[in-house]
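For reference, the structure is listed below as structure tokens.
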Amino acid sequence: MTQRAITLRRARTNNLADLDLDIPRNQLVVFVGRSGSGKSSLVFDTIAAEAGYQLNETFPPFARNRLPKWTRPQVDHIGGLTPVIVIDQRRIGGNARSTVGTITDAWTYLRLLFSRLSEPYVGESNHFSFNDPIGMCPTCSGLGEVVVSNVEQFLDLDKSLADGAIMLPGFGNGGYWHAQYADIGTFEVDTPLRDWTESERQALLYGGQAAADLGQKLPKEYEGVVERFERIYLHTSDNLSERKQDAIRKFTRSEICPDCAGDRLNQAARTVTVLGYTIGELSRLEITELVDVVRRIDEAGVVPVVAALTARLEAMVTIGLGYLTLSRATTTLSGGESQRIKTVKHLGSSLTEMTYVVDEPTVGLHPTDVESMIDLLERLRDSGNSVLVVEHDPAVMAHADQIIEVGPEAGNAGGRLVFQGTFADLRDAGTSTGRALARERPLKVAPRRGIGKLTVVDASRNNLQDVTVSFPTGVMSVLTGVAGSGKSSLAAELVEQYSAVVIDQKPVSTNRRSTPITYTGIAPAIRRLFARHNDVPAALFSANSAGACPDCKGLGVIYTDLAFMDGQEVVCETCHGRRFTPEVLAHTVDGLSIADVDELTIDEATARLPDAGISRALHQLAAVGLGYLRLGQSLNTLSGGECQRVKIAKELRQADQPTTYLLDEPTTGLHLSDIDMLLRVLDSLVEHGHTVVVVEHNLDVIRQADWLIDLGPGPGRHGGSILYEGRPADYTHPATPTSTALTSTRKA
Ligand code: ADP
Ligand code: ADP
Ligand code: ZN
Ligand code: ZN
């Protein structure tokens, strides 16, 4: 007999408090609750994890070893599960070889078409693969771009060699390579580089050739600064540490590959055509246009390939991604776009009785686009699946068959079922979601006036139509428009022309040792506190020092990289995840070892650690709503929205010069009631004299902005124009997607 519900008994993963719950199957169920209340712990870490675990168990042991390992959730009983498909916002990949074409398999079909039809005939379909040596451009190895020296940044002409005129890491006075330039008797060590001759500067940078003009002998083995920099940092097969990469970033830049002009393919694959188009040209068409070209291919031999490709492309148009191109690197996609791409893979699927687990599908979507996303979720449900969605957007809640709220608060004060029922009932439920829904959110009463303005002139990046527009300084502006209308492109122009600081949702760090406190710079103060209380050196408490567990090197886990899958980690058996040697753990502050401190939440640590400086610093993390994070929680476990808030907290700590901050959808992952907190933080940045520009769809944030710039009207080449600039309250006409959304909810 089939079960009508997914049943959980005594779930206690992360902060879940012995939760009992029956979730109806074959319905659209929306999970709500404050950030950190336990929604992900319930839906992803318990339900999806158990389903993944059970599925793995059905494979023979040799196959199981090759599958991602699921940690079995902490729960007494789960019944009524069907196979789970997780559609999260994790960006599709840090892999430069992955494009919209490769990730959706559209490229595979296109390659197949070219191998069958192209003029002149070339060969197998892998001749068109830029990930195969047989097809890739030899100059860029199929990456489409090459990293080159940004030589203009190498020297500070106002300084002499002795003052550290060579800006590269390791080249300044005291640096490892300094003597190779300063102590060879060739160059004037105390003269600012500006006063050198051009030939002298050229010789310093490039050696050999340029030195000949100098008529002055350089040592035989002399290596110019550029050559040496490229040898040790660019043309190296070693993986550079994250710190080194950061340090050299401003001295390099990526350029479109001079050989293939970004097409990634070798000469042969680049030149052949189908219907007069090269494969590179097709990959640069917007998908909406590409479908039309592909439909015109009518050779009998390729009918199934054309059908499969068209279906894939149409699915992308349906979910609002028709403005993308197949050549677009997946690393440049936003979290929301990545998520919709993943959804495409399942749309055409004929599987039923699946459980789809979807994380905040409205991220990156304008209210108008949200409607099509809801359609999509309902279609998945109507084809006989269970759809479980974690979401903060009331529009999605309104379409739910059932709403489940986890709460009442975050962390240890959450993890319980506080509401289960319909949207209508939730409004009266008095829970934090219910109260937030019932509350009126007014327009800003007194918008601030700008102090000055930052004018972006003739912007034509991507789809922008020669846009000239001014961002007032000293206020909060919001940039709106449907997905693909050009918001990020305009924001990128602003950043380029006025060097704004970007606070985005990209992972904070790829370093597994990074935690909220190492990243925001609080960790040294905590180590000093331990040192003071125990009269030992502070370095002892660093996970990079001799005090660290020798087996896991202070990571607490042993990590194995697997070639094609997510890596695996297991808790270190020597230190049981406590990261330090027993000697170090014996040192305590207020009865807590350094490992105990890692286990505290930010809120708990603020109360417990006897140090005003630390409390103040921790307060910045609490102020952005992250008080529920544990101090030692690896930043790798944070969601995009949480990463962004960690970055805001860091900026709050070091706000001195008036700065322009650009934030991309800062409400991601935030509960309705946490949006006030976010607005307060943004306000405090503005109060400190900074300029804040947010790309945002959330109507509450839009209403609270001082200034609004709306782009559109449509996505891709149908957008890219300014529809409105002015105060949000005055945006009542013309009728655009944004003005309509603003006015309709105002009346509601
Ligand atoms: P939500 O999805 O509602 O924002 P989460 O389920 O992510 O909340 O988090 C609930 C609590 O569990 C938080 O206190 C969070 O810090 C903690 N938590 C989340 N993931 C982990 C993890 N991998 N290890 C330990 N604690 C975690
Ligand atoms: P929004 O931020 O409003 O969603 P974008 O500025 O990201 O819109 O995109 C506007 C247009 O520019 C879209 O057609 C998009 O596909 C294109 N585009 C955006 N980024 C890139 C890029 N890195 N390379 C090529 N095209 C891009
Ligand atoms: Zn190339
Ligand atoms: Zn260890």
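Every number here is computed from the coordinates shown, using simple stated rules; none is lab data. Predicted model only: the values in this text are computed from it and were never measured. Because the Cβ atoms are built from the backbone with ideal geometry, glycine has one as well, and the counts that use them run over all protein chains shown.
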So how do 285-293, 709-717, 36-44, 172-180 stack up, highest first, on mean other-Cβ count within 10 Å? 36-44, 709-717, 285-293, 172-180
Highest average packing first - 242-249, 97-104, Cβ atoms within 10 Å: 97-104, 242-249
DSSP bridge orientation in the chain - percent antiparallel, rounded to nearest 5: 55 percent
Inter-probe distance in nm under a simple model that places probes 7 Å from Cα toward Cβ, at Arg231 and Thr637: 4.5 nm
How far is the Cα center of region 613-665 from the Cα center of region 111-168, in Å? 35 Å
Points 7 angstrom from Cα along the Cβ direction at Asp18 and Thr468: gap in nanometres? 7.0 nm
Length gained, Arg435-Asn412, 0.36 nm per residue minus C-alpha separation, equals 6.2 nm
Please list, short to long, the whole-number percent of alpha-carbon pairs of region 516-637 in consecutive 10 angstrom bins beginning at zero. 13, 43, 32, 10, 1
Going by average Cβ neighbours within 10 Å, how do the peptides 574-584, 529-539 rank, with the highest at the top? 574-584, 529-539
Using a ≥ b ≥ c from the Cα gyration tensor of the chain (square roots of the eigenvalues), is it rounded, prolate or oblate, where a/c under 1.5 gives rounded and otherwise the larger of a/b and b/c decides, a/b for prolate? rounded
Taking Cβ-Cβ under 4.7 Å as the only way to count a partner, pick out the unpartnered cysteines of the chain. Cys643
How long are the semi-axes of the ellipsoid equivalent to region 147-256, from square roots of 5 times the Cα gyration tensor eigenvalues, in whole Å, largest first? 23, 15, 13
How big is the convex hull of the Cα atoms of region 456-576, per residue, in Å³? 196 Å³
Give me the Kirkwood hydrodynamic radius of region 329-447, using the inverse of the mean 1/r over all pairs of distinct Cα atoms, in Å to one decimal. 16.2 Å
Please work out the Kirkwood hydrodynamic radius for region 649-739, using every pair of different C-alpha atoms, and report it in angstroms with one decimal place. 14.5 Å
